[in-house]
Amino acid sequence: MVTKKLLRSFLLGTFCCFSVTTLLAQNTPSYGTWGFDSIKPSAGQTAPESDPSDYQKIYSLLVAQADRWNAHDLDGYLNTYWKSPDLLLVVEGEQLKGWADLVATYHRGYANLDEMGSITPDRIQIQMVTSDVAIALDWWTANVKRTKILGTSTVVLRKFDDGWKVVVGHTSFVEP
């Protein structure tokens, strides 16, 4: 039986990850609407490759996050987060406040990188809130130590000079 402690420990390392699927994006964001959905793409979800939209950039960040997690590259995974004392993550009620707390918790929880397991996203949605703030939702399945874990995550992303970063996140587990 999977305990909440095992799930919480796993999620502190797998918060909001995604796999590579066809990248779709919308040229002009319609603030306040879901402009990207990995399961139900709309006809407007295309963008020229030479000028990627914010949807593409956000999706690429989330794909890179999953790729780094599945490659057991913990530092590469952590690089997708905002390096600030104001970063906030909540996993099943446990709060991580700030970049330093996030890094310390992940490195302590995954001293053996082979225990990171892998994740597969089931659905990803992105909504632009403003030109430099977005919300992403995902539903995912993780496999760690031969245990299947289902979860959902909500992240707030912000555009900085060096690109999009996760600035706030919340993850919950879903009973199968």
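The values are calculated or read from the model by the stated rules, or taken from the named source; none is laboratory data. Being a predicted model, the structure only gives us computed values, none of them experimental. Positions of Cβ are generated from backbone atoms using ideal geometry, with glycine treated the same way; all protein chains shown enter the neighbour counts.
Give me the pairs, please: first residue somewhere in the range 138-167 and modelled with pLDDT under 90, second residue anywhere and assigned to a strand (DSSP E or B) and basic (K, R), beta-carbon distance under 6 Å, and either six or more positions apart or on two chains.
If the second residue must be assigned to a strand (DSSP E or B) and basic (K, R), the pairs left are W139/R123.
Among the residues of the range 41-62, is there at least one that is at negative phi, at pLDDT below 85, hydrophobic (A, V, I, L, M, F, W, C) and in a loop (DSSP other than H, G, I, E, B)?
yes
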